[in-house]
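Engineer: Okay, here's the structure, questions in a sec.
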Amino acid sequence: MTELPKFRNFELLRQALTHRSYYNEHPDEGQDNERLEFLGDCILKFIIGKFLYQSFPQMREGKLSNLRSILENNTYQLAEFANQLNLRKLMRLGKGAELQGGRTNPELLSDTFEAIIGAYFLDSGIESVCQFVEPLLSSAVDEFICELRHNLEHKYSIHNKYNINYKGSFQEWALAKFGENPQYSIIDEAREAHERIFTAEVRVANKLYGIGKGRKKKVAEKAAARNALQKIEADLKFKHCNNTTWKVNYEQPTISGFRRSLPR
């Protein structure tokens, strides 16, 4: 298991591990990690871009952007990094978040990982953060390339963890079938364990296709698009629509350009 980096300022690490639900129950114990999460998100974007630029000198900008999205926008990938660091046991959660399974919640794990990155940047600087993050990225990219080779002759499935462009895939389907863009709406905002939970719906031609929830509006919209794609796969897979065989068209990068230049 990957180890957390050594912090010179333990209070920064403590804050990075402190979820808002814990802070609301213990307001005298410093700050929560949301500002560090914001900072860590910004730093991760830079490090991922730098890593991919150096690792794949022959790859065009479009493919670099696709691969960057897989890494930086994938809640489950960041949650996997958090699990490798054993953050699920180290997070400081309030009672409500604990009861709702916060330690296995991918969004909470992802947010905590970003907060750790932000805290470590303040503690030790950008070079130290790069040295800590890049081995994690290297492993994730290698895993992605192996799976890409395995699935090279097949379209991606909704169950493939690397297919994260749910909104783009659903938009492509909607435009092809109806000539209209999907319309997303936030239909509910609730509080659970001191957190806001948004519920989004997506419609095409005024017909409801999917509903999803998330701690952020964009996450809820992505979940709604994913739900819509799941329904399409179940209902329309291999059916004929207007004499055309329909199947959800997931973007599949080609293998060309995925040649590592850095030493293993």
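Engineer: Just one of Q100, Q84 is of a type in the set (S, T, N, Q), within 24 Å of V219 (Cβ to Cβ) and modelled with pLDDT of 90 or more; which is it?
Structural biologist: Only one candidate passes the filter, namely Q84.
Engineer: Continuing with this model, one more query. Which numbered condition trips up A193, out of (1) modelled with pLDDT of 85 or more; (2) touching a Gly at 6+ places or on another chain (Cβ under 8 Å)?
Structural biologist: (1)
Engineer: Further question on the same structure: Mind listing whichever residues of the range 45-57 are buried (at least 17 other Cβ atoms within 10 Å of the Cβ) and either outside any helix (DSSP H, G or I) or within 12 Å of the chain's Cα centre (by Cα) (or both)?
Structural biologist: Applying the first criterion (buried (at least 17 other Cβ atoms within 10 Å of the Cβ)) to the range 45-57 yields 47-48, 51-52, 55-56.
Residue satisfying the conditions is F56 alone.
Engineer: Ok, one more. Of everything in the range 26-81 that's of a type in the set (F, W, Y) and touching a Phe, Trp or Tyr at 6+ places or on another chain (Cβ under 8 Å), which residue is modelled with the lowest pLDDT?
Structural biologist: Here the residue is F56.
Engineer: Also: Applying the selection to the range 1-21, what residues are touching a residue at least 40 places away in the same chain (Cβ under 8 Å) and not in a helix (DSSP H, G or I)?
Structural biologist: Scanning the range 1-21 gives M1, T2, E3, L4, P5, F7, R8, N9, L17, T18, H19.
Engineer: Another question, then. Which one of R88, R60, R68, R103 is surrounded by fewer than 20 Cβ atoms within 10 Å (Cβ to Cβ), of a type in the set (K, R) and in contact (Cβ under 8 Å) with a residue 40 or more places away in the chain?
Structural biologist: On the way: R88 fails: in contact (Cβ under 8 Å) with a residue 40 or more places away in the chain; R68 fails: in contact (Cβ under 8 Å) with a residue 40 or more places away in the chain; R103 fails: in contact (Cβ under 8 Å) with a residue 40 or more places away in the chain.
So the residue among R88, R60, R68, R103 that is surrounded by fewer than 20 Cβ atoms within 10 Å (Cβ to Cβ), of a type in the set (K, R) and in contact (Cβ under 8 Å) with a residue 40 or more places away in the chain is R60.
Engineer: Consider the range 182-216. How many of its residues are closer than 23 Å to N74 by Cα and not in a strand (DSSP E or B)?
Structural biologist: 3
The values are calculated or read from the model by the stated rules, or taken from the named source; none is laboratory data. These numbers come from a predicted model, not from an experiment. All Cβ positions, glycine included, derive from the backbone under ideal geometry; neighbour counts span all protein chains shown.
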